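Read the structure below first, then the notes.
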Amino acid sequence: MITSSFQVALLLSVLLSIAGLSWWAAPRVRTVEGFFRGQEPGYAPGVWTLTLSQVTTWIFARSLMNAALLGYFYGIAGTLAYAVYYASFLTGWLIIDRLRFVHGYSNIQFFFSERFGRLGVLGYNLLVSLRLLSEVFANLLVVGIVFGAAGSGAYNLAILAVAAITLLYSLKGGLSASLKTDVQQMLLLMAVLLVLLVMLFSHSQFELPALVMSSPELASPGWILLVVALLQVISYPLHDPVMMDRGFLGDRDTTRKSFIQAFWISTAFILLFGLLGVFAGLHRLGDEEMMATLQRLLGTPAIFLLGLALIVSAASTLDSTLSSASKLAIVDMGMGRVHPNRGRLVMLLFMLSGLFLVYFGTDDLYAAVAVSGTASLFLTPVIIFCIWMNRRVARWSFLVNFLFAVGGSAIYFLETSGYVNWIGSWSGVEHDYSKLLILTLLILSVGMISFWWGMQDE
């Protein structure tokens, strides 16, 4: 947490500089293709533009914070577990490749409509809307936490500043602006990470073997979460419209290369950033919080750089989230005439909704975003049976699968929020990740069985 008024002022100054650069880099877009699909006349995003855009939109502030916190509490297992989710780039590429270049769909909603009717489209749109809204909320919340305690002047100023700055240049250029600014934001993020790693690796107490052996117990929650991540990594990319949107921008070869490059870059990024949390966890004193431990070990400059990394990643995620939200509402869901101004209105509404959740909703960062990840498990049988195997499945199978996954995610939210203890009393497990593993296995079992049972003869 940034506590000094000088640090707050300096960080805000850097933020304003980034905003000015982003505004300058963001094109003024007036065409539908440019605003919603990032395709301007005479310009097609190349491999590295798509790669860096993919990486920076998935290295969001919440991810950096979670990777470090999981390493802080559970050692290397926690960081590895979070890094496994970035294999979503590989499964996401396989999903996009089959949908676009094998089955011939130009839109994910067309696929759900053709296979499962209005129910399929409604279920998918509901899930991805929840995902997008949670990203707006979560990244704004992390920005506030970086600057100060909830409700403080610095907390409110930071949230409103990032929200306004990101919204302004997003309104200017839509997806085209997001693609252009993502590249510069990713380069800045990589520079900040490099400096932090030099500070970490040069520290007198840094010992790589100690970090590698920081999760000796196989029953550690970190290893359990890793198993959960392996089970969820198939469905996770399809419920992220930011990733899916970028899968429809390039040709087949460009798309394949960008997803594969994004996989190894983002995975390495998360692992290296997570080492900060692992290192802090090995040297914490009592109930000391992670940021306090890092400040004691690496000094105030490291905390400033960490705050800068979180703010840059938040901005890069927010502009991509807003552009995907506008495309989802106007192009994919048909909620109005397809025009950039309608997309701009959707961006404004999504940002206001995110701000509403920050100030009047929950302040539990993890609980707020866990529901969509668990609910997305209903997509796993869809991907395996319908996208990869190209089998027709009865619509009742989809309904059973969808209801069970949504119900399971609601139960998990109630469990982790302390409202009920059904899984704990039934199974005897108490940790949230153990409960999540049980729910994941149950949801996947029901989904796979219902789809196998509902397969139709070709």
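Distance between the modelled labels on Val102 and Asn156, one decimal in nanometres: 5.4 nm (7 Å Cα→Cβ projection). Computed as a quarter of the hull surface, the mean projected area of the alpha carbon convex hull for segment 63-147 stands at 7.2 nm².
Shown are Lys327, Lys180, whose ranking by accessible area with a 1.4 Å probe and every protein chain present, most to least, is Lys180, Lys327.
The phi torsions of segment 285-302, fed into the Karplus equation with coefficients 6.51, -1.76 and 1.60 and a -60° offset, translate into couplings of 10, x, 9, 4, 6, 4, 4, 5, 5, 5, 5, 5, 7, 10, x, 4, x, 5 Hz, rounded to whole numbers, with Gly and Pro shown as x.
P(r) tail, the chain: Cα-Cα pairs separated by more than 32 Å, 37% of all pairs. Solvent-accessible area of the chain (1.4 angstrom probe, protein heavy atoms only): carbon and sulfur portion equals 68 percent. Taking every alpha-carbon pair under 8 Å whose residues sit at least 6 apart, the chain reaches a relative contact order of 29 percent.
With all protein chains in place and ligands, DNA and RNA left out, the 1.4 Å accessible area ranks Val446, Val29 as Val446, Val29, largest first. With protein chains left intact and a 1.4 Å probe, residues in segment 72-190 average 30 Å² of accessible area per residue.
Distance between the pseudo-spin-label points of Leu187 and Leu218 (7 Å out from Cα toward the beta carbon): 4.8 nm. For segment 323-458, the solvent-accessible area of protein heavy atoms averages 47 Å² per residue (probe radius 1.4 Å; ligands and nucleic acids excluded).
For the chain, adding -39500 (n - 2.57) for each run of n ≥ 4 DSSP H residues and dividing by the number of residues yields -24500 deg cm²/dmol at 222 nm. Taking 0.36 nm per residue of sequence separation and removing the Cα-Cα distance, the Asp287/Ala9 pair yields an extension gain of 97.1 nm.
Extending 7 Å from the Cα toward the beta-carbon at both Thr31 and Ile449 defines two label points whose distance is 5.3 nm. Scanning residues 5 or more positions from Met455 or on other chains, those with amide H under 5 Å from its amide H are Ala394, with H placed 1.01 Å from N in the peptide plane.
Ordered from highest to lowest accessible area with the whole protein assembly present and a 1.4 Å probe, Arg62, Arg391, Arg118 read as Arg118, Arg391, Arg62. Once the chain from Arg337 to Leu230 is taken as fully extended at 0.36 nm per residue, the excess over their C-alpha distance is 34.5 nm.
Compared with the alpha-carbon gap, the fully stretched path from Ala394 to Leu442 is longer by 15.2 nm at 0.36 nm per residue.
The values are calculated or read from the model by the stated rules, or taken from the named source; none is laboratory data. Quantities reported herein were computed from a predicted structural model and do not represent experimental measurements. No Cβ is skipped: glycine too gets one built from the backbone with ideal geometry, and neighbour counts run over all protein chains shown. What goes into the accessible areas is simple: the full protein's heavy atoms, side chains included, and nothing from ligands, DNA or RNA. Shrake-Rupley method; radii C 1.70, N 1.55, O 1.52, S 1.80 Å.
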